[in-house]
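The structure under discussion appears below in the form of structure tokens.
Throughout, read-outs are computed from the coordinates displayed, never taken from laboratory work. Everything numeric here is computed off the predicted structure, so don't read it as measured data. Virtual Cβ from ideal backbone geometry, glycine too; neighbours counted across all protein chains shown.
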2 protein chains.
Amino acid sequence: MAEYMTGLKRTHYCGDLRISDVGKEVTVCGWVQRCRDLGQLIFIDLRDRSGIVQLAFTDKTDREIFAKAFACRGEFVLAAKGTVCERSAKNYDIPTGEIEVTVSDLRVLSKAQTPPFEIVDESETNEELRLRYRYLDLRRRPLLNNLMMRSKISKVARDYFAENGFVEIETPMMIKSTPEGARDYLVPSRIHNGKFYALPQSPQIYKQLLMVSGFDRYIQLARCFRDEDLRADRQPEFTQIDMELSFVDVEDILEINEGFFKRLFKEVLGQELETPFTRMTYADAMENYGSDKPDVRFGMKIQDISDLVKDCGFGVFTGAIENGGSVRAIVAKNAASTYTRKEIDKLTEYVRGIGAKGLAYVRWVDEPNASFKKFMTDDELAAIYDRLGAEKGDVILIVADKNSTVLSTLGALRLKIAKRLDIIPDEFKFVWIVDFPFFEKDEESGEWVAMHHPFTMPKEDCIQYLDTDPSKVIAKAYDLTLNGVELSSGSMRITDPELQQRMFRALKLTDEEIEAKFGFLVEAYKYGAPPHGGMGIGLDRVTMLLCGADSLRDVTAFPKVQNASELMSACPAPVDKESLDVLGIALTD
Amino acid sequence: MAEYMTGLKRTHYCGDLRISDVGKEVTVCGWVQRCRDLGQLIFIDLRDRSGIVQLAFTDKTDREIFAKAFACRGEFVLAAKGTVCERSAKNYDIPTGEIEVTVSDLRVLSKAQTPPFEIVDESETNEELRLRYRYLDLRRRPLLNNLMMRSKISKVARDYFAENGFVEIETPMMIKSTPEGARDYLVPSRIHNGKFYALPQSPQIYKQLLMVSGFDRYIQLARCFRDEDLRADRQPEFTQIDMELSFVDVEDILEINEGFFKRLFKEVLGQELETPFTRMTYADAMENYGSDKPDVRFGMKIQDISDLVKDCGFGVFTGAIENGGSVRAIVAKNAASTYTRKEIDKLTEYVRGIGAKGLAYVRWVDEPNASFKKFMTDDELAAIYDRLGAEKGDVILIVADKNSTVLSTLGALRLKIAKRLDIIPDEFKFVWIVDFPFFEKDEESGEWVAMHHPFTMPKEDCIQYLDTDPSKVIAKAYDLTLNGVELSSGSMRITDPELQQRMFRALKLTDEEIEAKFGFLVEAYKYGAPPHGGMGIGLDRVTMLLCGADSLRDVTAFPKVQNASELMSACPAPVDKESLDVLGIALTD
């Protein structure tokens, strides 16, 4: 039978005891991390969420207590009362290593079977087994700390935004399904058979309505749901620090969020972040980094050499330019020894896998050795090296294709090479990406489609081009990126019903489509809406970056795996027919 | 076309301006509450979430601005720049009533159609219309304030529990369906056709697992879902301040929550709550108030007169006692003039509606007039009046039946009469109900069934009766009640697998049932669980009581109505067949 804590009350967490506590009578509680039986001496490392403390049982210990300690095994749960004593053999590796608790009362609150894997910081057990026993995996210090840090991040977010006048409002989780965006998770209605709720992909519509209502500044740490096929870094449910502000413009929103991250880094990491963050236009990000979420911790920018090669003898280059494309390059400094001919061949294979036709290169060991040198004069080659600032030891990689392919390919190569060369500093570099184009041309249909949701506000001075030249319309949209990861996305919204109608027309939406997709939201804006905008910050992703974790699963208490199932509870699971009957649904196969 | 805020930036909220701001140049933004056109003078009351300020346009105002002001209508959205001036005619009813803003720049940010109902504090518009235009209804001050207060309550909760070492952990929203308790909302899986997730009725299992993991103190403001037929005071989704603590016992949990409510009342209402709250056993609550959520703001306790009437000549009384029941009474002081014969007849009808066979009474106008006087001697009657402390002017109401009926009937009567007599003081009286019986006898089957979930811990000194006398087993369960409303329910949990098995056997659960209902949770407790317990506080209900709101709908941003639909978005709604096909389900009718 288990023992009870009757008469005992915890006085300290294990990890908090220090040399200054020597002489105190304390009661600590926790799990047995390790037992060492030295005959007349038994040491037990007792673990709780704060850390570990050593319990000591000696020849002076009451024999019954000693016998209990002797019977302890890993993961037993104990309450121990005793006196804090200075250790003779100190362990300066842990914060409590100068002391131990000489135990006078011990209760075995719970015994434990041998766990299916050892509770150690670096587990080599496969993740599937660990996920099945998630409650044991969460005992491991790295996971425990990650989730405690996540809690702290949420708290800082709520404190900061509350101090800045934001009101946290809970929006519904069972909402109307919208045919936009990713796939909704559906919830069949029992009362209204044949009808369904949807789980929200975000509180977008509701937060806009809250601005129409006059709440002025809204925040919510909102659970969001997307029924997508999961990639490594996705979860079917995730959390967003979701906000919306009235009577502001883009710059106000960026500033308030810079303030948040400054506060967050200070409180959670003890780091001073420099603000304002870099603002980079979408066009510049694409031109220089081939990505709308550039990792700017290192250079290796993309450079355009189209003008230098437009008349050269290399058809791959000239052809790309004649077809409206370009020829661009990146220079990997001091990479010639790493990137042998064979390694560059692998890069060529890689770029073919992501849509490019091929890769031209210059490998400069002693002399620059260009893969395309037979098509060029020495002067032409020299002009390229000069433009790119290439030197002995460098590798130049060149892609010639239509612009979108050139940029995305070189952007991907840039990251891949930087990782391989290990030249990315371990620091945090935030960049705001601003001035997104409003429309993009669908490559297949040639139609202009909205890059953002159709309530995104265009810059005031672009509105004139809405009907005449969509390519000139810039959206009041902005993304926050950190080290090449998109943390947040947001925009100002259209609040003028007339402008909204022009936008719908530019997107060729029929009245029926508008009504079906946005009916009550469009109606709401007829009754007086303030200028407003907002954004949503991916809490899971922020936590992952701040914890230095490799996966969202490591910052989520009970994550789902790639096929959206949870291994511990074996969910989803079949339900009985009666449950389906009352919902008016049946399985089709 | 709408105007923009370009060049203007809000400096103050409308409601914050005071006489001390006179002379300042300010910019305020908001909605037009009211326009008054006095010819050469125009006054506009501008409203934002903080309050209202008067804008003034005079004969010195630029004519273009004056014309814009003239064209303003209710609910237009404005930004106004101007100078704070002292009013000649002051209005001391509102905080800004001593000043006005003499406007020098005005922008009409958004025009507004005439709303379907007026935006005033006390709306007489029917709720259905208001719910359809919820975003307009939320502009009304009482609702706006309720939701701002809800936000504050959440913030205080998070602050308090964080300061006390609680970690907020987000548990999953898509979990395994359990056949226990209320009906789950189900979510069909697209990847695993034929399988379903369920929306959580509470994070119960997950929070217990977090204790097994060693998080020690968990808090979450958790959204919970129950697919029940809605009563007036229910919502299909609601929020719980959910917590669980390790290495504690009942009293620790009660104390920490008393601290929370003390803090909450201080910060939100500016009121000092007295702690500790009254602790009342379930048995006492039932005996004295006929309810496990007694409203103790007034007396009128139930009194047992069985011993006085057990040998009297009134068969209704003696019969009830002979059948193991009792005869009990309440005294409504000074109620004789309110409760005429006719009114008492209505009470009799009422008690019959809730399961009693009838109602005996004494109406004491000049002389005590007992409905059963012909069956009793004067001495017997006098003994009753004496025992009950009844006097001239009082009404005594007596029920004779089996105990459960007597108590529930008198409990209900007590509340009904107190409301009618308007004797309930406007104050907050918290009571902890403790020492719940572990089992109750199912009246139909005669079997012992658990009153709480089967993981509830019995009091240690009752464990011995588990197999022999279930009636003697008291649960470590506790409810927090406020003014007759249950705010919270909680318990200590069983952490000893052996005791858990005995409990399952006492409840006659088979191994298959245990595995199906609690499989992985039972498994988890084999690996070392700390003593732990917790509770969940109904945030919606707490907010309602603190706001003095009549309905959960008045403290929920976007509530659903009785049939679980949301009128604004018309949800739930049909979805297309393709969406169902990918889920492997079809409608059955």
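Values as computed for the structure displayed
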| item | result |
| --- | --- |
| Inter-copy label distances at A:VAL485 (7 Å, Cα→Cβ; nm, one decimal) | 4.2 |
| Euclidean distance of C-alpha centroids, segment A:566-586 and segment B:437-498, integer Å | 30 Å |
| Distances in nm from A:GLY355 to the matching label points in the other copies, shortest first (labels 7 Å along Cα to Cβ) | 6.8 |
| Stokes-Einstein diffusion coefficient of segment B:494-569, Kirkwood radius over Cα pairs, 37 °C, 0.692 mPa s, in µm²/s | 200 µm²/s |
| Subset of B:LYS429/B:LYS476; B:LYS476/B:LYS517; B:LYS333/B:LYS441 violating a 26 Å alpha-carbon distance limit | B:LYS333/B:LYS441 |
| Neighbour-count order for B:VAL108, B:VAL561, fewest beta carbons within 10 angstrom listed first | B:VAL561, B:VAL108 |
| Least to most buried among B:HIS453, A:HIS12 (fewest other Cβ within 10 Å first) | B:HIS453, A:HIS12 |
| Angle in degrees between helix A:511-524 and the longest Cα principal axis of chain A, rounded to the nearest 10 | 60 degrees |
| Cα-based shape type of segment A:29-68, given that a ≥ b ≥ c are square roots of the gyration tensor eigenvalues and the cut on a/c is 1.5 | prolate |
| Value of [θ]222 nm, deg cm²/dmol, for chain A, DSSP H segments ≥ 4, -39500 (n - 2.57) each, nearest 500 | -8500 deg cm²/dmol |
| For segment B:214-355, alpha-carbon Rg over 2.2 N^0.38 Å | 1.52 |
| Quotient of C-alpha Rg and 2.2 N^0.38 Å, computed over segment B:298-424 | 0.96 |
| Alpha-carbon centroid distance for the pair segment A:12-47 / segment B:404-422, whole angstrom | 56 Å |
| Label-point separation, B:THR275 to A:GLU272 (7 Å along Cα→Cβ), nm | 4.0 nm |
| Principal-axis tilt of helix B:497-506 within chain B, Cα atoms, nearest 10 degrees | 70 degrees |
| Rotationally averaged projected area of segment B:274-316 (alpha carbon convex hull; nm²) | 4.3 nm² |
| Partner chain coverage, peptide B:515-527 - average Cβ within 10 angstrom | 4 |
| Cα-derived Rg over Rh, computed across the protein assembly as shown with Rh taken as Kirkwood radius | 1.02 |
| For B:556-563, mean number of other protein chain Cβ atoms within 10 Å | 4 |
| Unit Cα scatterers, Debye sum, segment B:386-455: log10 I(q)/I(0) for q = 0.12, 0.15, 0.17, 0.19 Å⁻¹ | -0.59, -0.84, -0.97, -1.06 |
| Using a 7 Å Cα-to-Cβ projection, A:ASP62 label spacings across copies, nm, ascending | 8.7 |
| Cα-based radius of gyration of chain A once divided by 2.2 N^0.38 Å, which approximates compact folds | 1.22 |
| Over 23 Å (Cα to Cα) - which of A:LYS9/B:LYS152; B:LYS155/B:LYS207; B:LYS195/B:LYS577; A:LYS560/B:LYS152; A:LYS262/B:LYS24; A:LYS176/B:LYS155 fall in this group | A:LYS9/B:LYS152; A:LYS560/B:LYS152; A:LYS262/B:LYS24; A:LYS176/B:LYS155 |
| For residues of B:571-582, the mean tally of beta carbons on other chains within 10 Å | 6 |
| Length-normalised contact order of segment B:14-110 in % [C-alpha pairs under 8 Å, at least 6 apart] | 34 percent |
| Nearest 10 degrees, 0 to 90: helix B:250-264 Cα axis against chain B principal axis | 30 degrees |
| Average Cα contact separation per residue, chain A, under 8 Å, 6 or more apart, as relative contact order % | 13 percent |
| Descending Cα extents along the principal axes, segment B:14-110, whole Å | 30, 27, 22 |
| Fewest-first sequence of B:ASP581, A:ASP16 by Cβ atoms within 10 Å of each Cβ | B:ASP581, A:ASP16 |
